[in-house]
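As structure tokens, the structure follows; a few thoughts come after it.
The values are calculated or read from the model by the stated rules, or taken from the named source; none is laboratory data. Since the model is a prediction, treat every value here as computed from it, not as a measurement. Every residue, glycine among them, receives a Cβ derived from its backbone with ideal geometry; neighbour counts consider all protein chains shown.
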Amino acid sequence: MMINGVDKLRETIASIEVAMLTTKDENGELLSRPMYTLSVGHDGDIWFFTSKNSPKMDEIEENNLVNISYSDTHSHTYASISGTAKCVDDDSLKRRLWNDIHEAWFPKGIDDPDLCLLRVNMKSAEVWDQETATMVTVIAKQVAE
């Protein structure tokens with residue numbers, strides 16, 4: 001069975017719950033923060049919960065190009081994903097992805113009006129190949145301008 005790029009990426013990052021999301025601020029500085037991964041869709045979209053009023057959402061509003069990196073030094077597993085980010089307000093999807101663990105970051109719970117889903121639509125993804133000791137592209141989408 002041939003494994004496609006999204007499946008390879010999903011397999012690579014399956015055991016890494018927390019990613020680093022990098023955005024660019026108004027001065028062009030790169031900022032990274034940890035994000036708990038909710039899901040990697042079959043289409044390659046990666047989903048997180050976030051606050052609509054967080055500084056990262058202001059940054060994404062200005063420039064929606066982001067990078068997500070995953071790292072596990074014990075297993076030598078590394079991935080880097082570039083894409084575009086967007087706040088998605090979908091109550092049914094929020095409920096499907098919600099887990100009580102998220103209350104630590106969102107104490108008002110699933111019905112908090114400030115809670116939204118952050119969707120990162122992948123443009124490209126690379127994973128570390130231990131055999132060749134290089135990053136290997138597993139996804140490279142052509143994006144129409």
Notebook entry, point to check: If you check every pair at least six apart or on different chains, which have Cβ atoms under 8 Å apart with a residue in region 83-96 that is of a type in the set (S, T, N, Q) first and a residue that is surrounded by 13 or more Cβ atoms within 10 Å (Cβ to Cβ) second?
Noted result: Thr84/Asn64; Thr84/Leu65; Thr84/Val66; Thr84/Val120; Thr84/Asn121; Thr84/Lys123
Item checked: Entirely in region 3-81, the strands (runs of 3 or more DSSP E) that have 2 or more residues that are under 10 Å from the mean Cα position of the chain (by Cα), surrounded by 19 or more Cβ atoms within 10 Å (Cβ to Cβ) and in contact (Cβ under 8 Å) with a residue 40 or more places away in the chain -> 18-24, 46-51, 65-72
Next item on the list: Collect the residues in region 82-93 that are assigned to a strand (DSSP E or B) and either within 21 Å of Gln130 (Cα to Cα) or among the polar types (S, T, N, Q) (or both), keeping them in residue-number order.
Entry: Ser82, Thr84
Note to self: Would you confirm whether or not region 102-117 contains a residue that is in a strand (DSSP E or B), in contact with a Leu (Cβ under 9 Å, 6 or more places away or on another chain), modelled with pLDDT of 95 or more and surrounded by 16 or more Cβ atoms within 10 Å (Cβ to Cβ)?
What the structure shows: yes
Check: How many residues does region 106-145 hold that are within 17 Å of Trp47 (Cβ to Cβ) and within 17 Å of the chain's Cα centre (by Cα)?
Finding: 11
